[in-house]
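The values are calculated or read from the model by the stated rules, or taken from the named source; none is laboratory data. Quantities reported herein were computed from a predicted structural model and do not represent experimental measurements. Heads up, the Cβs are rebuilt from the backbone with ideal geometry, glycines too, and the neighbour counts pull from every protein chain shown.
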């Protein structure tokens, strides 16, 4: 099969939740900035947000570009590695 675009990149899952500035400050984060965190910080943040509505969505620029291309009628493929877990399955399903 011939593709208009083949994209290779990360396969992250983003957590979207409304928080106030004090939450960001507690975890050393800035509004509007990308912050990569480790598993321990992730777990602490999720515990602090356990009563909040959190939306988990697939992310990553490479996959997003392919998704938009395909939505516009193009033929695209994404190459990336996902985990064998719920987030990996969420990412795979989001591209179908």
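Observations, loosely collected:
- For segment 43-62, the set of residues classified as within 17 Å of residue 83 (Cβ to Cβ) and loosely packed, with under 12 Cβ neighbours inside 10 Å consists of 43 only.
Residue-wise test of (1) in a strand (DSSP E or B); (2) in contact with a helix residue (DSSP H, G or I) (Cβ under 6 Å, 6 or more places away or on another chain).
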{"site": "3", "(1), (2)": "no, no"}
{"site": "11", "(1), (2)": "no, yes"}
{"site": "23", "(1), (2)": "no, no"}
{"site": "63", "(1), (2)": "no, no"}
{"site": "66", "(1), (2)": "no, no"}
{"site": "77", "(1), (2)": "yes, no"}
{"site": "84", "(1), (2)": "no, no"}
{"site": "92", "(1), (2)": "no, no"}
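- Segment 25-56, residues that are under 15 Å from the mean Cα position of the chain (by Cα) and part of a loop (DSSP other than H, G, I, E, B): 33, 34, 35, 36, 37, 38, 54
- Within segment 71-96, if we keep just the residues that are surrounded by 14 or more Cβ atoms within 10 Å (Cβ to Cβ) and under 16 Å from residue 8 (Cβ atoms), the residue that is modelled with the lowest pLDDT turns out to be 95.
- Single match in 67, 7 (criterion: in the same structural domain as residue 89 (by TED's automatic domain parsing), surrounded by 10 or more Cβ atoms within 10 Å (Cβ to Cβ) and free of Cβ contacts under 8 Å to residues at least 40 places away in the same chain): 67
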